[in-house]
Each structure stands twice: as structure tokens, then as C-alpha cells.
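Trainee: This structure is in C-alpha cells; I'll ask about it shortly.
What follows draws every value from the coordinates through simple rules; no lab data is involved. Being a predicted model, the structure only gives us computed values, none of them experimental. Reconstructed Cβ throughout: ideal geometry from the backbone, glycine too, with neighbour counts over all protein chains shown.
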Amino acid sequence: GESVGLHLPTLSVQEGDNSIINCAYSNSASDYFIWYKQESGKGPQFIIDIRSNMDKRQGQRVTVLLNKTVKHLSLQIAATQPGDSAVYFCAWRNGSQGNLIFGKGTKLSVKP
Amino acid sequence: ETGVTQTPRHLVMGMTNKKSLKCEQHLGHNAMYWYKQSAKKPLELMFVYSLEERVENNSVPSRFSPECPNSSHLFLHLHTLQPEDSALYLCASSPGTGNYEQYFGPGTRLTVT
């Protein structure tokens, strides 16, 4: 599941700090958004989703924020842990009927 | 684990070979997907099956041929591939093709020599 070579944006944080990963999506008609985590050697793992009738949704240690005005999605991870080190992808439905479109991803590196 | 398994995990094949990738989901889902993840691009959707019927084919070359014999199994048959087809091939499933998260398998790392 490695994405080496894609020249991913990288976010480096200290263990215990909060992380914010950002994503810009392209389709203003998109009504469903997902964040995935992909660790090395594994497939993407679902973290949290949000529908377009919401602007915020919280999970366990994670919060997703949706700003439809500027087509921006963010994932906040509280008290980041070494196990959070991975590549994080946002995905959005292509309009209200289409399939998921995936962003490039951001590599999160947590320093102990 | 996600309940989606893929075999083999690694595959090296020559350009004249024929091989198949297998995916199985144990989640009772009705939709299954093939994606390609290469080093230079984001995840690319290749094929979508809903209730064993192909509902989308994203202009994938004919050297990739999918097969969905039932809602739990999905195959990707490969023949006369090119080196640029080397990538991680991911299978996913979801309850349906609507607003549902997709559950991914671990992928098959394919190298074409």
C-alpha cells in the first residue's frame, strides 16, 4: 500500500499533538465524503465519513470538517500517536450519483 | 481486518503471461470494485460490479478483464500486460453503490517485467 514516488505532501507532528490534514475536492455537487488511512503494505482503511448536509462530524479522536463553500475537507486527529503514521486519503462522491474520487493523499509522520 | 481478502499478495509476470487476481468479500455486500494504485497517480477506479452485473468500466484497456461469478467473488484476468501496468491492485466492496464507505482488501502488488 505504499505510495512512495507520488511526492505526497507530508505532515510531521510530535506525538501527543493534534494533526490537521486538508483536502480540496473538485465537484461542488458531491454529497458524500470519506477519509481513509493507508498504512504501508495494507489497503485503505475507513476512518470517518460525512454527508453534505453536515459541516462537522466527530469520531473517536477524529473530527471531519466540511466547508462546501470552498470545497474543502479536513481531518483532525487529536493526541496523535505513532500508530497514526500513515498516508491519509480523502474521497468524495462524483456528484450525487457517481463513484468515489480519491485525492492524492497526505503522509502523516509522528515523531515519538 | 476488513473482511476483504485478495490473492496473491505479490505477483511478477512477463508481458506474454496470463494471470488472474482474486478477491473475496465476507461482508455480505452487493457491490465490488477494482482499483489501481500506482506510484504516480491517486487511486483509479477500474471496474464496478453491483449484484454481479458490471455497472461501470472506466475506459480500462481490454488486457484487463474482470469477472464477477457471484456477489462474494471478483476476479481480474490479466493478459499481455505492459510494464506501466505495474501497480498495486486493490479490491473493495460496499453494501451498495450509493453513499456507503468501501471496504478495501490488502491489494496485490503486480510487477510486469
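Trainee: Rank the residues B:GLU24, A:GLU15 as a footprinting-exposure proxy: fewest other Cβ atoms within 10 Å of their Cβ go first.
Mentor: Fewest-to-most ranking of B:GLU24, A:GLU15: A:GLU15, B:GLU24.
Trainee: Only four residue types carry charge here, +1 at the Cβ of Lys and Arg and -1 at the Cβ of Asp and Glu. Report the dipole size of chain A about the Cα centre in Debye, rounded to the nearest 20.
Mentor: On the way: 12 positive and 8 negative charges, 47 e Å.
Using only the charged Cβ atoms, the result is roughly 220 debye.
Trainee: Which pairs, out of A:LYS71/A:LYS111; A:LYS104/B:LYS22; A:LYS56/B:LYS36; A:LYS42/A:LYS68, put more than 28 Å between their alpha-carbon atoms?
Mentor: Details: A:LYS71/A:LYS111 31 Å; A:LYS104/B:LYS22 26 Å; A:LYS56/B:LYS36 31 Å; A:LYS42/A:LYS68 31 Å.
Pairs exceeding 28 Å: A:LYS71/A:LYS111; A:LYS56/B:LYS36; A:LYS42/A:LYS68.
Trainee: Over chain B, what is the relative contact order in whole percent, taking alpha-carbon pairs under 8 Å and six or more residues apart? All intermediate terms of the calculation are to be shown ahead of the outcome.
Mentor: Details: 288 pairs, mean separation 42.5, N = 113.
Relative contact order here is 38 percent.
Trainee: So, one more: Tell me the Kirkwood hydrodynamic radius of the protein assembly as shown in angstroms, computed as one over the mean inverse distance between distinct C-alpha pairs. Working shown, then result.
Mentor: Numbers: mean 1/r = 0.0555 Å⁻¹.
Averaging 1/r across every pair of different Cα atoms and inverting gives 18.0 Å.
Trainee: Ratio to report: Rg/Rh of chain B, with Cα atoms as the point set and Rh obtained by the Kirkwood method; give two decimals. Before the final figure, lay out the partial values.
Mentor: Numbers: Rg = 13.1 Å, Rh = 13.9 Å.
My calculation of the ratio gives 0.94.
Trainee: Let me ask something else. What order do you get for B:CYS68, B:CYS91, A:CYS90 when you list them from fewest to most C-beta neighbours inside 10 Å?
Mentor: Working: B:CYS68 20, B:CYS91 29, A:CYS90 26.
Least crowded to most crowded, the residues run B:CYS68, A:CYS90, B:CYS91.
Trainee: State the cysteines of chain B left without a partner when partners are defined as other cysteines whose beta carbon lies under 4.7 Å away.
Mentor: Within chain B, the cysteines lacking a partner Cβ under 4.7 Å are B:CYS68.
Trainee: Give, rounded to the nearest 20 debye, the magnitude of the charge dipole that chain B has about its Cα centre when Lys and Arg contribute +1 at Cβ and Asp and Glu contribute -1 at Cβ. Let's see the in-between values first.
Mentor: On the way: 10 positive and 10 negative charges, 92 e Å.
Roughly 440 debye, rounded to the nearest 20.
Trainee: Right, another one. If N is the number of residues in the stretch A:15-112, what value comes out of its Cα radius of gyration divided by 2.2 N^0.38 Å? Don't jump to the answer; show the numbers that get you there.
Mentor: On the way: Rg = 13.1 Å, N = 98, 2.2 N^0.38 = 12.6 Å.
Its radius of gyration relative to the 2.2 N^0.38 Å reference: 1.05.
Trainee: When the label point is put 7 Å from the Cα of A:LEU8 along its Cα-to-beta-carbon vector, which residues of the stretch A:23-54 have a backbone N closer than 13 Å?
Mentor: Residues A:36-45 fall inside that zone.
Trainee: Something else now. Label 7 Å along Cα→Cβ of A:GLN60; the stretch B:1-20 residues with amide nitrogen under 14 Å?
Mentor: Counting backbone N atoms under 14 Å from the label point, the list is B:1.
Trainee: Let me spell out the model: positive unit charges on the Cβ of Lys and Arg, negative unit charges on the Cβ of Asp and Glu, origin at the Cα centre of the stretch A:22-68. What dipole size does that give, in debye rounded to 20?
Mentor: On the way: 7 positive and 4 negative charges, 26 e Å.
Value, rounded to 20: 120 debye.
Trainee: What list do you get for A:ARG57, B:ARG109, B:ARG54 if you sort them by fewest beta carbons within 10 Å?
Mentor: On the way: A:ARG57 15, B:ARG109 18, B:ARG54 12.
The order, fewest Cβ neighbours first, is B:ARG54, A:ARG57, B:ARG109.
Trainee: Got a sec? Charge dipole of the stretch A:7-112, +1 on Cβ for Lys and Arg, -1 for Asp and Glu; which of A:SER19, A:ASN53, A:GLY41 is way out at the positive end?
Mentor: Result: A:ASN53, furthest along the dipole toward the positive end.
Trainee: Let me ask another. Just how far, in whole angstrom, is the stretch B:1-51 from the stretch A:47-65 if you go by their alpha carbon centroids?
Mentor: So the two Cα centres are separated by 28 Å.
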